[in-house]
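Quick notes on the structure that follows.
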Amino acid sequence: MRHLAFLILLFGLVTAQAQSLPYTQRLYCNLTLEYWRTRPIGPAYLDSMKPLVAGTCWAVEAKGQTLLITAAHNLALGPNFITATPPRAKLLAIHVEPIVGLLAQPVSAVGMPLGVSDWVGLRPVDATVFKGSQILTLSKTVPKLGDSVTVIGFPDTAHEQRTTRTITALSPNNEFVVFNEPLEPGYSGGVVLNAKNQAVGVVVTTDKKQSNALLLSPEKLVSLQWKPFEQLRHRRLDQ
Amino acid sequence: MKTSALFQLLTMLVLLSHGTSLVRSAEPSTAEAAFPETRDRLLNQAQAKGLTAKEHFDLSVTLLGTGQYGEALVVSRLGMGLTQDPKAKALFLMLAAQCNGAQGHYVSAAEAALEGQRLNPLSVELAALRLAYFTKIGNAAQAKSAEDTLKQLDPSGQPVLTGAELVALAKGVIEIAAAIRVIYEVTHDAWPRIQPEVERVALRMTELWSKLSSGGGRTTVNLRAR
């Protein structure tokens, strides 16, 4: 009996350790914004700002492919990416350097969804990134109004955080959901899980008034248009 | 020059504040005192039979401790080529980072620290070096990532499950599956027959767990720093 109790205890400890693997990973992005600035008197000049973007990403497996999902604005892409332009300044170019996870792995390719949408798929240079968090599966069913969901991400913390929200609105075409309470900014790109611990969406708005998540499906993942990251690293906006 | 010295001091403070054994293990004062003798002995050995990876490490630490950073860097690079153990390679990269940092080559220092951390994700020292050097070169994303790593590694000593640790964990789960089969047989009055097997599995799992909780099978190369 002693051996039995010992083995059960060990089993509990090891499974608890396995479950401690986080659901999401930190995503940081160095942005370099180049401006052409004019002055009331004197010649115009080039200026730059280097803000740091902090968000969340997570690994998902769908239809035989494993990739990372995040909000597009975390990489200065998509319709929700808006920069605060200084006075009398015109944005000329954006340079993006994202890194994923505790081992700061770079990105090799970006999967752009069809149409205009604030989420992207990422392929890391090194596949060991996928060992840094659990690989989630996407739910095949759309959540309903009033469903309670779990949102997981890094709201400006080194450790993963989770919070519960209720879905208070669902778009007519099942594209996005609205939560009953806003989320903190670092949750951008975080995962929304249903009661079965399956991913249903990605957080894209962490506004003070309202937070939204886009709903994802395996079909949407398959239809991503992949581009080498090198094509997106430096973008000129004045052409 | 003044900034460089100040930054070295900051790096040392960061390392010490995270309880590193690296600075102690390098023992610069002892190494400095014994340097000519150590160097001569190692060079003699090198001429006789070529240095091993560990001897390269010892020589590189000695050179670093006596301020010969360029030579220490060359020796650490040579030593790294002689080992296949990722954690031993990470130690050489830790030396390379400090050699580069001491010479003011902060970009190379930061890259070496990051490369080393990827080989040994549990190294607090490499996380501290990453933080120090990426902060120095103004790479905010990398510095934040290093800071997160430090916070994850330091407070409770909980290991981050990556690479080798996950493999060890998977092996543990397989062992446990075998154990469950044994338990099943116990419930069917087979205790006398299978008692030795139960005890063997229990012993093996104890060893496995000790390895995991002590840092997931650290390097078997008996180098000075951990």
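Inspect region A:119-142 for any residue being in contact (Cβ under 8 Å) with a residue 60 or more places away in the chain, more than 14 Å from every other protein chain (Cβ to nearest Cβ) and more than 24 Å from A:LEU183 (Cβ to Cβ) and give the result as yes or no. Yes, region A:119-142 contains a residue that is in contact (Cβ under 8 Å) with a residue 60 or more places away in the chain, more than 14 Å from every other protein chain (Cβ to nearest Cβ) and more than 24 Å from A:LEU183 (Cβ to Cβ). Within the span defined as region A:95-107, one or more residues are within 13 Å of the chain's Cα centre (by Cα), part of a loop (DSSP other than H, G, I, E, B) and of a type outside the set (Ser, Thr, Tyr). Would you confirm whether any residue within region B:51-71 is modelled with pLDDT under 50, open to solvent by less than 80 Å² (accessible area, probe 1.4 Å) and farther than 24 Å from B:ALA110 by Cβ? No; the residues of region B:51-71 include none that is modelled with pLDDT under 50, open to solvent by less than 80 Å² (accessible area, probe 1.4 Å) and farther than 24 Å from B:ALA110 by Cβ. Of everything in region A:108-124 that is assigned to a loop (DSSP other than H, G, I, E, B) and within 26 Å of A:GLN161 (Cα to Cα), the residue that is modelled with the lowest pLDDT is A:SER117.
Quick check on A:GLU175: is it without any contact (Cβ under 8 Å) to a residue 40 or more places away in the chain and acidic (Asp, Glu)? No.
Scanning region A:73-82 turns up no residue that is assigned to a strand (DSSP E or B) and within 14 Å of chain B (Cβ to nearest Cβ). Pairing each residue of region A:78-89 that is under 11 Å from A:TRP119 (Cα atoms) with any residue that is of a type in the set (Asp, Glu), provided the two are 6+ apart or on different chains, yields C-beta distances under 7 Å for A:GLY78/A:ASP118; A:PRO79/A:ASP118; A:ASN80/A:ASP118.
For region B:120-141, a residue qualifies if it is of a type in the set (A, V, I, L, M) and more than 10 Å from chain A (Cβ to nearest Cβ), and the qualifying residues are B:LEU122, B:VAL124, B:LEU126, B:ALA128, B:LEU129, B:LEU131, B:ALA132, B:ILE137. The single condition among (1) modelled with pLDDT under 95; (2) open to solvent by less than 30 Å² (accessible area, probe 1.4 Å) that A:LYS209 does not meet is (2).
Can A:ILE69 be described as within 14 Å of A:PHE229 (Cα to Cα), surrounded by 17 or more Cβ atoms within 10 Å (Cβ to Cβ) and among the aliphatic types (A, V, I, L, M)? Spelling it out, it is not the case that A:ILE69 is within 14 Å of A:PHE229 (Cα to Cα), surrounded by 17 or more Cβ atoms within 10 Å (Cβ to Cβ) and among the aliphatic types (A, V, I, L, M).
The values are calculated or read from the model by the stated rules, or taken from the named source; none is laboratory data. Just so you know, these numbers come straight off a predicted model, no measurement behind them. Please note: Cβ atoms are built from the backbone with ideal geometry, for glycine as well, and neighbour counts cover all protein chains shown. Quick note on the areas: whole protein, heavy atoms, side chains included, nothing else; ligands and nucleic acids left out. Shrake-Rupley method; radii C 1.70, N 1.55, O 1.52, S 1.80 Å.
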